Amino acid sequence: MKSIRLKEGKERSLQRRHPWVFDSAIAKGAAEPGETVRVESHSGQFLAWAAYSPASRIKARVWSFDEAQRIDAAFIGQLIDKALAARSLFDIQSDGLRLVHGESDGLPGLIVDRYGDTLVAQFTSCGTEHFKTEIADALLRATGLSRLYERSDANVRSLEGLPEVTGWLRGEGPVELQIREHYWQLTLNIADGHKTGFYLDQRDSRQRFAVHARHRQYKKVLNCFCYTGGFTVAALAGGAAHVTSIDSSGPALQRAKANVALNGFDESRTTFMDADVNASLRAFIEQGATFDAIVLDPPKFAPTAAHADRAARAYKDINRLAFKLLVPGGELFTYSCSGGISADLFHKIVASAGMDAGVDGFISERLQGAPDHPMTVLFPEGEYLKGLVVVKKP
Ligand code: SAH
């Protein structure tokens, strides 16, 4: 068994059970990609078993802090079983759900989503790549399903020195799927959709949006960065009279239209715009348009804290424009899915957008990712998605 030894004083984060070992903390030792290593303090004391990743700045990701634990197929199977068991503790109103959410489930670099009876997995670390066969076997055994599609085409794989891989890993079947979410249906494509095909993490926010649409009787809604129309369908299901949806992806908009039709809503209640959100918001202001509710759910502007400054300006800009377009009493559902932007910083960005727009608002709700994308007490970095519901002061 190979070992890596840390520099003096660098054992503290592992002693607090944080699962990453950074390049800068290592005094000596190396191993093959994905190989299990013994991580030791400067004095040689056992700290953890971890998967080694030579190309990454995160050189090792912890499997276990227990010296007696063997890191093998049985152990991987137990982690998968625990992740699945945790899902029954959460309130999930859908047959699309995240079964494994990386570090939060003790499986750094593994994402597994279930859409009906199809599983989709993304392997983004050398450790999960190394145990891919064991993980796939355990997933099929634990779920009783037979189809597993691999979507290992995330950018972060290149940071680990891993090539992109997509396709059926186990079984075969349709890549065009339909799920139920709350009281509506949505279609998705696991082969060419974003991430594993769909943004399951916004499930509960979409439900809140439907509730607000009903309660506040929205007439004119603007859904920015609509992707396949999740928030559009939610607003219509809540009774919104008309929803304008903007995205710069033609295929996503086609699917959004299809999702509206699938739920039996008349297309006359919708407008779809294949356009840039920032430019569209500016054009609406020039036209003197207003909306009762606006959703801003942009892509990840800041993947890491290093991108935070530029991202902050981009978030501020769209929020400032949205504030101007809201009627007094109107509601803004605004999000950041950037790991590099903390909830506190996001609040400050929205505050400064309000300041520039000359608008104040009541923060009526703070939102986060759905519970099957859990954040844990010991791994605060797991928090990536945060949202605010702001009611523009009348
Ligand atoms: N709210 C969606 C998820 C949004 S993902 C849901 O609930 O499913 C972000 C979306 O922003 C993607 O569909 C992407 O195509 C779109 N996008 C990225 N940059 C854009 C831009 N500048 N203008 C319009 N859409 C953009």
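Every number in this text was worked out from the coordinates using simple rules, so none of it is lab data. Nothing here was measured: the structure is a model prediction, and the numbers come from that model. Glycine also receives a Cβ, built like all others from the backbone with ideal geometry; neighbour counts cover every protein chain displayed.
Summary table
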| read-out | value |
| --- | --- |
| Principal-axis tilt of helix 250-262 within the chain, Cα atoms, nearest 10 degrees | 70 |
| Residues whose placed amide H lies under 5 Å from that of Asn223, excluding near-sequence neighbours | Thr244, Ser245, Ile246, Val295 |
| Extension gain from Lys348 to Ser43, taking 0.36 nm per residue of separation minus the Cα-Cα distance | 105.4 nm |
| Rule-of-thumb Rg ratio for the stretch 199-392 [Cα; 2.2 N^0.38 Å; N residues] | 0.97 |
| Two-decimal Rg/Rh across the chain, once Rg and the Kirkwood Rh are taken from alpha-carbon atoms | 1.00 |
| Filter on Lys316/Lys386; Lys300/Lys393; Lys219/Lys348; Lys219/Lys324; Lys7/Lys132 - keep pairs with C-alpha separation over 21 Å | Lys300/Lys393; Lys219/Lys348; Lys7/Lys132 |
| C-alpha long axis of helix 203-216 to longest principal axis of the chain, angle in ° | 20 |
| For Thr270, distant residues with modelled amide H under 5 Å away | Val243 |
| The chain - charge dipole about Cα centre, Lys and Arg +1 at Cβ, Asp and Glu -1, debye rounded to 20 | 840 |
| Backbone HN-Hα couplings from phi across the stretch 5-15 [Karplus 6.51/-1.76/1.60, Hz, Gly and Pro as x] | 10, 8, 6, 4, x, 8, 7, 4, 5, 5, 5 |
| The chain - mean residue ellipticity at 222 nm from DSSP helices (-39,500 (n - 2.57) per run, n ≥ 4, rounded to 500) | -9000 deg cm²/dmol |
| Nearest 10 degrees, 0 to 90: helix 73-87 Cα axis against the chain principal axis | 30 |
| 37 °C / 0.692 mPa s Stokes-Einstein diffusion coefficient of the stretch 295-380, Kirkwood radius on C-alpha pairs, µm²/s | 240 |
